[in-house]
Amino acid sequence: MKKYFLCTLFTLVATLYTSAFAGDSDRVVFVVKGEIYETPLSELKKITFTGGKLQAHMTDGSCDEYFLADMQKVYFSDVSASINTSEDNSRLLTVWNQSASMLSVRGYVGLVEIFGADGKQVSSQYVGDSSAHNLDLSLLPKGMYVLRLGVETIKIMKL
């Protein structure tokens with residue numbers, strides 16, 4: 001009951017004061033049973049609570065429902081938690097050596113960022129040349145991560 005109340009209270013406050021708390025954020029992210037669902041704030045009309053569910057009502061008339069008991073986290077973000085696919089991803093992400101927990105990136109110059117499933121940045125490195133650059137992921141726990149190379153995002157799993 002306490003979890004239900006706290007989740008309901010947080011979501012209600014977040015909805016009422018979106019502009020105050022969201023800052024530069026452009027989406028709300030729901031983490032439900034380890035799965036990430038995100039909704040652009042521009043498409044979110046309102047959030048209601050009915051029958052143990054959070055309902056996200058969209059401006060197009062559709063409604064997404066999430067069981068409150070299954071919700072783990074709700075937060076605002078300016079970083080997409082979803083994965084954009086690109087024909088160039090195969091060029092950028094070339095080698096994954098699971099036994100050594102190394103990720104090799106080549107053909108890219110710029111900031112390489114790694115985000116955890118919760119949206120928090122866990123690593124940030126600047127790659128200064130386009131030759132192969134190895135990223136050591138050995139200190140990261142197992143799980144899903146998002147690798148961001150400029151405007152491209154790539155889902156990676158550490159097993």
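Condition check ((1) modelled with pLDDT under 60; (2) within 30 Å of VAL151 (Cα to Cα); (3) part of a strand (DSSP E or B); (4) not assigned by TED's automatic domain parsing to the domain that holds TYR145) across all residues:
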position	(1), (2), (3), (4)
LEU6	yes, no, no, yes
VAL13	yes, no, no, yes
ALA20	yes, yes, no, yes
VAL29	no, yes, yes, yes
TYR37	no, yes, yes, yes
SER42	no, yes, no, yes
LYS46	no, yes, yes, yes
ALA69	no, no, no, yes
Legend entry - Output for segment 110-134, where each listed residue is in contact with a strand residue (DSSP E or B) (Cβ under 6 Å, 6 or more places away or on another chain), within 30 Å of VAL74 (Cα to Cα), without any contact (Cβ under 8 Å) to a residue 60 or more places away in the chain and not aromatic (Phe, Trp, Tyr): LEU111, VAL112, GLU113, ILE114, GLY116, GLN121, VAL122, SER123, SER124, GLN125
Legend entry - Close pairs from segment 56-67: first in the same structural domain as VAL29 (by TED's automatic domain parsing), partner of a type in the set (Asp, Glu), Cβ under 8 Å, at least 6 apart: ALA56/ASP64; ALA56/GLU65; MET58/GLU43; MET58/ASP64; THR59/GLU43; ASP60/GLU43
Legend entry - Residue among LEU137, LEU147, LEU111, LEU159 that alone is under 23 Å from ILE36 (Cα atoms), aliphatic (A, V, I, L, M) and surrounded by fewer than 15 Cβ atoms within 10 Å (Cβ to Cβ): LEU159
Legend entry - Breaking point among (1) touching a Phe, Trp or Tyr at 6+ places or on another chain (Cβ under 7 Å); (2) within 16 Å of ALA117 (Cβ to Cβ); (3) modelled with pLDDT of 85 or more, for GLY52: (2)
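The values are calculated or read from the model by the stated rules, or taken from the named source; none is laboratory data. Quick caveat, the model's predicted, so the values are computed rather than measured. Every residue, glycine as well, gets a Cβ built from its backbone with ideal geometry; the counts of neighbours run over all protein chains shown.
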